[in-house]
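Here the structure is laid out as structure tokens; the discussion comes afterwards.
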Amino acid sequence: MKFPAYRGRRLRASAGLRNMARETRLSPENLIYPMFVNYGKGVREPISSMPGCDRLSVDNLAKEAKEIASLGVPAVILFGIPETKDEVGSSALASDGVVQNAIREIKGAVPSLVVLTDVCIDEYTTHGHCGLVDKSGRVLNDPTLEVLAKMAVSHAKAGADMVAPSDMMDGRVGAIRKALDGSGFSELPIMAYSAKYASGFYGPFRDACDSAPKFGDRSTYQMDPANGREAMLEVSADIQEGADIIMVKPALSYLDLISEVRRRFDVPVAAYNVSGEYSMVKAAAEKGWIDGQRVMMEILLSIKRAGADMILTYHAKEAAKLLG
Ligand code: PBG
């Protein structure tokens, strides 16, 4: 045999050959766009730590939804910024809450756009934790399940196509499934934030929603970044409890887990390319240190290559425009 036997450059010689040999293809259809829904009217407020992302009030959503759909992005996920917060996150359950109103507005404007909702109370609580808190500051598991289940049902009633619990309480997928089934929504799917890590990469999102915990941190419920095997336990528990799609979050420091989850489980896998991952690209690009668009596409492709079927990303609109 002539040396070298393997000549990788043969299939890299032209754009046509590279295109034929390409293993992974990214499409706008793979993307889900996160949106921040603000209370009030006429609000389009840029989020300073997330250049290109805005907080929008409900009256600005129809136009935005049409733009997203016209780019070929099939889905959005909604986060609420309510006017009032309290200890127990009551505004998360209101039938005329920001997210509930947003669902109706978007589904009215673009019925084909898939609307997912984040189910978690941290944006609605004064303490900023994802669960109910007792006097000593402990985040309570089982009492929180009831609130999450009510929140999911209230989103379903407003017309959500899918709910996505991100709180990391144990047993929440089962509790939400049971509540949905009991309220006539047995067909409504659940995307579970299954392997969600206690991550520094959520910083800009917490700025956007003013949802950073006022005391302590989230490490008693979100996963330890050191643990990979444990992610498999979380995923399999969620599937047993009724999750239809599972998620790994964040994406980039956890590509190994996206790949492992893809190999071990047969449900669709989502990955969340989170706020800090987005803002790092924007910041370095602003400084001229990297080519922002090129790095964005490389990042999204790498998440897909690792095994994600769908990617929640603030880059969705920009990437979809480039993908055409
Ligand atoms: C919790 C939630 C968070 C994110 C999505 N859902 C914040 C957190 O856990 O602190 C973060 C998303 C991102 O950083 O882009 N409701």
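The values are calculated or read from the model by the stated rules, or taken from the named source; none is laboratory data. None of the values given here were measured: they were computed from a predicted structure. Cβ placement follows ideal geometry from the backbone for every residue including glycine, while neighbour counts extend to all protein chains displayed. Calculation scope for accessible area: heavy atoms of the full protein, side chains included, ligands and nucleic acids excluded. Shrake-Rupley method; radii C 1.70, N 1.55, O 1.52, S 1.80 Å.
So how much slack lies between Leu233 and Arg138, counting 0.36 nm per residue of separation and subtracting their Cα-Cα distance, in nm?
Result: 31.8 nm gained on full extension.
I want to check the label-to-label distance for Ile290 and Ala21. Put each point 7 Å from Cα in the C-beta direction and report it in nm to one decimal.
Output for this residue pair reads 2.6 nm.
At Phe215 and Ala13, where each label point lies 7 Å from the Cα along Cα→Cβ, what is the point-to-point distance in nanometres?
7.0 nm
Checking understanding here: applying a Kyte-Doolittle mean of at least 0.0 and a length along the axis of at least 24 Å (C-alpha), which whole DSSP H helices in the chain pass?
Working: long enough: 142-158 (25 Å, 0.24).
Once both thresholds are applied, what remains is 142-158.
Counting Lys and Arg as +1 and Asp and Glu as -1, each charge on the Cβ, what is the dipole of segment 24-323 about the Cα centre in debye, to the nearest 20? Please report the intermediate quantities before stating the final value.
Values: 32 positive and 40 negative charges, 107 e Å.
Dipole about the Cα centre, nearest 20: 520 debye.
Lys/Arg Cβ at +1, Asp/Glu Cβ at -1, dipole of the chain taken about the Cα centre: which of Ala152, Asn38, Tyr6 is farthest positive-ward?
After comparing all options, I get Tyr6.
Once the other residues with Cβ under 10 Å from the Cβ of Tyr272 are scored (Lys, Arg +1; Asp, Glu -1), what is the net sum?
Working: positive: Lys196, Lys249; negative: Glu277.
Surrounding charge for Tyr272 is +1.
Towards the positive end of the charge dipole of the chain, with charges on Cβ (+1 Lys, Arg; -1 Asp, Glu), say which of Gly203, Gln222, Ala21 has the farthest Cα.
Checked the options; the winner is Ala21.
Where in the chain lies the longest segment free of chymotrypsin sites (Phe, Trp or Tyr not before Pro) that are both loop residues by DSSP (not H, G, I, E, B) and have at most 14 other Cβ atoms within 10 Å? Write down the numbers at each step before the final one.
Values: sites that count: Tyr6, Phe215, Trp289.
After excluding every exposed loop site, the longest remaining stretch is 7-214.
So with the 1.4 Å probe, I'd like the accessible area per residue for segment 24-323, rounded to whole Å². Display every interim value, and only then the final one.
Values: 12160 Å² over 300 residues.
With all protein chains present, segment 24-323 gives 41 Å² per residue.
With a sphere of radius 11 Å drawn around the Cβ of Gly89, what net charge do the other residues whose Cβ falls strictly inside it have (Lys, Arg +1; Asp, Glu -1)? Could the numbers behind the result be given before it?
Numbers: positive: Lys85, Lys150; negative: Asp86, Glu87, Asp122, Glu123, Asp167.
Within the 11 Å Cβ shell, the charges total -3.
Counting only helical runs of four or more DSSP H residues, what would the 222 nm mean residue ellipticity of the chain come to if each run contributes -39,500 (n - 2.57) and the total is spread over all its residues? Each step should come with its number before you reach the end.
Numbers: 11 runs with 122 residues, N = 324.
Using -39500 (n - 2.57) per qualifying helix, the result is -11500 deg cm²/dmol.
Could you work out how far apart the two model spin labels at Asp207 and Ala62 are, taking each label as a point 7 Å from the Cα in the direction of the beta carbon, and quote it in nm?
Rounded to a tenth, the inter-label distance reads 3.3 nm.
Percent of alpha carbon pairs in the chain separated by more than 28 Å? Display every interim value, and only then the final one.
Details: 20523 of 52326 pairs.
Here the tail beyond 28 Å accounts for 39 percent of pairs.
Please report the carbon-and-sulfur percent of the accessible area for the chain; probe 1.4 Å, protein heavy atoms only, DNA, RNA and ligands left out. Please report the intermediate quantities before stating the final value.
Details: 7660 of 14740 Å².
The computed percentage sits at 52.
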